[in-house]
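I have placed the structure first, in the form of structure tokens, so that the comments after it can refer back to it.
The values are calculated or read from the model by the stated rules, or taken from the named source; none is laboratory data. Here the structure is a predicted model, which is why all the values come from computation and not from measurement. As a convention, Cβ positions derive from the backbone with ideal geometry for all residues, glycine included, and neighbour counts pool all protein chains shown. Surface areas here come from the heavy atoms of the whole protein model, side chains and all, with no ligands, DNA or RNA. Shrake-Rupley method; radii C 1.70, N 1.55, O 1.52, S 1.80 Å.
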Amino acid sequence: MLDIRLATSRTSSGAVAVVVPSGDPFSALDLLNPADLAEYEAFLEDVEHSGSAGTVHKLPRPGRKPSPLLFVGIGDGDEAGWRAAGAALTKSARAESGLRILVPHDTAPAALRALAEGLWLASYRFRLADAEPDPLRRVTIALEASDERTAALEQARAVVTATTLARDLTNMPSDRKTPAWFAKQVTKAAAGVAGLTVEVREPEYLREHGFNAILTVGQGAAAGRGPRLVELSWKPRGAKLHVVLIGKGITFDTGGVCIKPLAGMKLMRKDMGGAAAVIGATLAAAAMRLPVRITALAPLAENALGGDSMRPGDVVTHYGGITSEILNTDAEGRLVLGDAMAYAVRRLRPDVLIDLATLTGAQGVALGKRTAAMYSHSDTLAGDLAAAAEACGESVWRMPLSEDYAQEIRGELTDIINSTDIGAGSLLAALYLREFTGPLREHWAHFDMSSPAWADSADGELAKGATGWGVRTLTRWLETTAA
Ligand code: BES
Ligand code: MN
Ligand code: ZN
């Protein structure tokens, strides 16, 4: 992780950056040496720097100090603008030996947090083994330290550390990423934050306690690659609210007997992105010591193809008793989530239930690469979650839980069926999950984040590959809910 610190003294070597607001680009010059003003002014005019968020212009000044000097736009100066500026700077200054960022003296803590998040998130790179780090190791932000500012940087660090973990887990190839491996990573990460506890349930426990759908989805996997249920708990003293976060944890999705074509399968190591995000958000909340009780559940299984795999037409009894006919073995996410949700509702009895899942290809068809589908019956919960997403730089769009379609998931032999052929795939998957909300139906939100979980190319604060989508939205929502 980049070393980001607050310091007013000019000790660091390397590049200097100065932030440029779009309303008044020349105000940036107040932060620079008056002796060189004419040169800078001419440069800004020359390159037509408008201050738009994330735009960087580099003024090389060989043999002079500072060299180079980077001008970076912060747009309107909202969080998104500062985040974009941070992301753009990390990329532009990657090869520099250091970076010092000049910002106005009255820069708000929220802006500082967004700047740091952008710097850190965009500097992420997935590596299988230790590799040469980028030359840029240290960034100083030219502000005097204060309690508020230090706290803002610590909040950014907590969110970024958690997002980095979620990205690492999701990027990891599935030959290594078994359910047991994922569970072990959670145990390791939780050991680094005081007050977190982890329970890992193995197949024997799952059988004894009726988690049949998790077992059924995982039954085709090879020896040593069987399913797990991870429960990560943060239980601060005096917490009034209990939130359960559930994430789909399919460590690889071949589609099973209803096998996917290569094009649809080759990225299916990301099919545990929901589980990674809920684990990440819980770690971030604990690192921030938020006064809200959180239980994260990750039902983990590999949807493999083999002689032991579930078949179309098989029938499973979920935890809690709801029966389901498996009409498509590729609709496996809702099966494992159903067990975990029923368990949460019956045994954990939370106040709020939120699940995240790379659940359907239909989500990407409807909303594309950046925007997740959000489903909830609660206007308040949906509104709060949308506001959190907006503030932290993730994008969501609320979709309907259309009652018209609710009868489409009813079965002939069973309570429900896991697949239909009427289209509206993301919505029908949400209606399936709704069956498991019990008394929490009005206190439940579901995110289908299939496409946003992965970036095909680096974009803003997103590195190519896993994005860690959801860590930021959930953490921000938990922060505001706890406040
Ligand atoms: N993991 C997939 C959904 C997915 C697709 C995630 C593309 C990310 C990118 C899920 O398990 C799946 O296969 N869903 C099916 C459901 C269908 C069989 C009802 C789908 O969307 O086609
Ligand atoms: Mn599938
Ligand atoms: Zn899947």
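Dipole of the stretch 33-99 (Lys/Arg Cβ +1, Asp/Glu Cβ -1, origin at the Cα centre): which of GLY63, SER97, ALA85 lies farthest to the positive side?
SER97
Sorting LEU32, LEU119 by accessible area (1.4 Å probe), largest first, what list results?
Values: LEU32 20, LEU119 0 Å².
In descending accessible area the options line up as LEU32, LEU119.
Treating the angle as unsigned and between 0 and 90°, give the value, to the nearest 10°, between the Cα long axis of helix 333-343 and the longest Cα principal axis of the chain.
Its long axis makes an angle of about 80 degrees.
Amide H neighbours of HIS49 under 5 Å, at least 5 residues apart or on other chains, H built in the peptide plane: list them.
none
Lysines within cross-link reach of LYS235: Cα-Cα under 22 Å, excluding same-chain residues under 8 positions apart?
Cross-link targets: LYS184, LYS188.
Identify, among VAL278, GLY249, PRO291, the residue whose Cα sits farthest towards the positive end of the charge dipole of the stretch 188-316, taking +1 on the Cβ of Lys and Arg and -1 on the Cβ of Asp and Glu, with the dipole about the Cα centre.
Comparing the listed Cα positions along the dipole, PRO291 ranks first.
What is the set of long-range amide H partners of ARG398 at a cut-off below 5 Å, with H atoms built 1.01 Å from backbone N?
For ARG398, whose amide H was placed from the backbone, the distant partners under 5 Å are MET374.
So, with +1 on the Cβ of K and R and -1 on the Cβ of D and E, and no other charges, what is the size of the charge dipole of the chain about its Cα centre, to the nearest 20 debye? Write out the running numbers ahead of the final one.
Details: 50 positive and 57 negative charges, 310 e Å.
That gives a dipole near 1480 debye.
Whole-Hz ³J(HN,Hα) for each residue in the stretch 173-187, computed from phi via Karplus 6.51 cos²θ - 1.76 cosθ + 1.60 with θ = phi - 60°, x for glycine and proline: what do you get?
Coupling constants for the stretch 173-187: x, 6, 5, 8, 7, 8, x, 5, 5, 4, 4, 5, 5, 5, 4 Hz.
So for the chain, taking the charge dipole from beta-carbon charges (+1 Lys/Arg, -1 Asp/Glu), which of ALA263, THR197, ALA111 sits furthest toward the positive end?
Ranked along the dipole, the leading option is THR197.
With the full set of protein chains in place, find how many percent of the accessible area of the chain is carbon and sulfur; take the probe as 1.4 Å. Working shown, then result.
On the way: 9710 of 19310 Å².
Of all accessible area on the chain, carbon and sulfur atoms account for 50 percent.
Quote the FRET efficiency, to the nearest 0.05, computed for ASP459 versus ASP379 with a Förster distance R0 of 35 Å and r equal to the Cβ-Cβ distance.
Numbers: r = 31 Å, r/R0 = 0.89.
Approximately 0.65, to the nearest 0.05.
Can you tell me the length gained on complete extension of the stretch ARG289 to LEU305, counting 0.36 nm per residue apart and subtracting the Cα distance? Walk me through the intermediate numbers first.
Numbers: separation 16, 0.36 × 16 = 5.76 nm, distance 4.25 nm.
Net length gain for the segment: 1.5 nm.
Please report the relative contact order for the chain, taking Cα pairs under 8 Å with a sequence separation of at least 6, and give it as a percent rounded to a whole number. Write out the running numbers ahead of the final one.
On the way: 1161 pairs, mean separation 72.6, N = 483.
Value for the chain: 15 percent.
Probe radius 1.4 Å, ligands and nucleic acids left out: which of GLU412, GLU403 has the largest accessible area, and how do the rest follow? Provide the component values of the computation, followed by the final result.
Details: GLU412 185, GLU403 105 Å².
Greatest to least solvent exposure: GLU412, GLU403.
Once R0 is set to 25 Å, what does the formula 1/(1 + (r/R0)^6) return for the Cβ-Cβ distance between MET1 and LYS65, expressed as a FRET efficiency to the nearest 0.05? Could you put the intermediate results ahead of the total?
Working: r = 28 Å, r/R0 = 1.10.
Once the sixth-power term is evaluated, E becomes 0.35.
As an exercise, use a Förster radius of 30 Å and the Cβ-Cβ distance of ILE259 and ASP130 to find the FRET efficiency, rounded to the nearest 0.05. Walk me through the numbers before you get to the answer.
On the way: r = 36 Å, r/R0 = 1.21.
That pair, ILE259 with ASP130, gives E of 0.25.
Would you mind checking which residues have amide H under 5 Å from ILE101's amide H? H placed 1.01 Å from N; only 5 or more apart, or other chain.
Residues meeting the criterion, in which the H sits 1.01 Å from N, are ALA17, THR140, ILE141, ALA142.
Determine the dipole magnitude for the stretch 34-184: charges of +1 sit on the beta-carbon of Lys and Arg, -1 on that of Asp and Glu, nothing else is charged, the reference point is the Cα centre, and the result goes in debye to the nearest 20.
Numbers: 19 positive and 21 negative charges, 186 e Å.
With Lys and Arg at +1 and Asp and Glu at -1, about 900 debye.
How far is helix 471-482 tilted off the main Cα axis of the chain, in degrees rounded to 10, range 0 to 90?
On a 0 to 90 degree scale, this one is about 90.
For the chain, what does -39500 (n - 2.57) per DSSP helix run (n ≥ 4), summed and divided by total residues, give at 222 nm, in deg cm²/dmol to the nearest 500?
-10500 deg cm²/dmol
Treat each spin label as a single point 7 Å out from the Cα along the C-beta direction, and report the LYS240 to LYS184 distance in nm.
4.3 nm
When only the heavy atoms of the protein chains count and the probe is 1.4 Å, how do ASP253, ASP384, ASP3, ASP175 rank by accessible area, highest first? Walk me through the intermediate numbers first.
Working: ASP253 5, ASP384 75, ASP3 50, ASP175 105 Å².
Most to least solvent-accessible, the answer reads ASP175, ASP384, ASP3, ASP253.
With θ set to phi - 60° and the Karplus curve 6.51 cos²θ - 1.76 cosθ + 1.60, what are the ³J(HN,Hα) couplings of the stretch 126-133 in order, to the nearest whole Hz, using x for Gly and Pro?
Karplus values, whole Hz, x for Gly and Pro: 7, 10, 6, 9, 4, 9, 4, x.
Treating the angle as unsigned and between 0 and 90°, give the value, to the nearest 10°, between the Cα long axis of helix 147-171 and the longest Cα principal axis of the chain.
50 degrees
Between rounded, prolate and oblate, where does the stretch 169-482 land on the alpha carbon gyration tensor, with a ≥ b ≥ c its root eigenvalues, rounded for a/c under 1.5, else prolate if a/b exceeds b/c? Write out the running numbers ahead of the final one.
On the way: a/c = 1.26, a/b = 1.21, b/c = 1.04.
Rounded is the answer for the stretch 169-482, as its axis ratio a/c remains below 1.5.
Find the relative contact order for the stretch 394-450 and round it to a whole percent, using C-alpha pairs within less than 8 Å whose residues are 6+ positions apart. Don't jump to the answer; show the numbers that get you there.
On the way: 28 pairs, mean separation 16.7, N = 57.
Normalised by residue count, the contact order of the stretch 394-450 is 29 percent.
Roughly how many nanometres apart are two label points built 7 Å out from the Cα toward the Cβ at SER395 and ASP415?
So the two model labels end up 3.7 nm from each other.
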